[in-house]
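Below: one structure, written as structure tokens.
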Amino acid sequence: MSQLYRDIVFAAPNARLGLPEVNVGLYAGAGGLSRIVRSAGTQIASEVALTGHHISVREAFSWGLINKISKSDESVVPEAIETAVLIASKSPDAVIVSRAGLRQSLESGSVERATQITEQQCLQSLKMGENFKIGLKAFSEKRVPQWVPSRL
């Protein structure tokens with residue numbers, strides 16, 4: 001289940017997902033087990049990891065393992081690209097810091113600690129960056145900002 005390592009996951013309607021390692025005498029290493037427990041909970045993770053059965057895209061969606069089921073098998077990549085283009089239209093600095101905060105939230109034991117670490121590591125650089133100023137100015141002028149490449 002390589003989608004466990006992704007930020008946003010799209011799946012084709014007929015995709016097959018699972019952790020089949022147990023079927024061949026292995027276990028889902030490289031963080032797969034801990035990630036599925038965090039995403040779907042212990043009971044669902046146990047069912048998927050211990051049975052080796054494939055799960056449907058609908059099940060994966062209902063368990064929070066994927067974000068969106070594409071309209072067709074052929075449209076999964078264009079739909080994912082559409083979301084990537086939307087993200088790319090945002091402040092690159094804000095996207096970088098937001099992603100760092102999301103990762104810190106996943107790894108940290110508490111919301112408060114994750115917030116504290118993200119702010120200590122990123123907030124000052126974000127506020128000092130050119131994109132922060134560009135965003136505030138564009139907001140006050142009610143126009144679309146023209147971002148510059150990140151220097152974070």
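So who's got an amide H within less than 5 Å of the one on ILE55, skipping anything under 5 residues away but keeping other chains? H placed 1.01 Å off N, in plane.
LEU17, GLY18
Mind sorting PHE132, PHE10 by how few other Cβ atoms lie within 10 Å of their own Cβ, fewest first?
PHE132, PHE10
Between ARG151 and PHE61, what's the calculated FRET efficiency when r is the beta-carbon distance and R0 is 35 Å? Round to 0.05.
Numbers: r = 38 Å, r/R0 = 1.07.
With a Förster radius of 35 Å, E is 0.40.
Which order do LEU86, LEU126, LEU65 fall in if you start with the one that has the fewest other Cβ atoms within 10 Å?
Ordered from fewest to most neighbouring Cβ atoms within 10 Å, LEU86, LEU126, LEU65 come out as LEU86, LEU126, LEU65.
For a Förster distance of 35 Å, can you work out the FRET efficiency between the beta-carbons of GLU141 and GLU119, rounded to the nearest 0.05?
0.80
Any idea how far the Cα center of the range 5-47 sits from the one of the range 105-152, in Å?
32
Going by average Cβ neighbours within 10 Å, how do the peptides 111-118, 32-39, 143-150 rank, with the highest at the top?
32-39, 111-118, 143-150
Once you list every other residue whose beta carbon is under 15 Å from the beta carbon of ALA138, what net charge do they have if Lys and Arg are +1 and Asp and Glu are -1?
+2
Mind pulling the angle between the C-alpha long axis of helix 92-107 and the longest principal axis of the chain? Nearest 10 degrees, somewhere in 0 to 90.
The angle comes out at about 40 degrees.
Efficiency by 1/(1 + (r/R0)^6): what FRET value for ILE81 and LEU50, r their Cβ-Cβ distance, R0 = 30 Å, to the nearest 0.05?
The computed FRET efficiency comes out at 0.25.
Enter the angle in degrees (range 0 to 90, nearest 10) between the Cα long axis of helix 76-88 and the first principal axis of the Cα atoms of the chain, meaning the one along which they spread out most.
Long axis of 76-88 versus the principal axis of the chain: about 30 degrees.
Roughly how tilted is helix 130-140, in degrees to the nearest 10 and between 0 and 90, from the longest Cα axis of the chain?
Between the helix axis and the principal axis of the chain, the angle is about 80 degrees.
Along the charge dipole of the range 70-140, which of ASN131, GLY101, ALA88 sits closest to the positive end, that is, farthest toward it, with unit charges on the beta carbon of Lys, Arg, Asp and Glu (+1, +1, -1, -1)?
The residue sitting most towards the positive pole is ASN131.
With Cα extents along the principal axes in Å defined as stated, name the option among (1) 44, 37, 29; (2) 53, 32, 23; (3) 57, 38, 22 computed from the structure displayed.
(3)
Any read-out appearing in this document is the output of simple, stated calculations on the displayed coordinates, not a laboratory observation. Nothing here was measured: the structure is a model prediction, and the numbers come from that model. Using ideal geometry, Cβ is built from the backbone for each residue, glycine included, and neighbour counts are taken over all protein chains shown.
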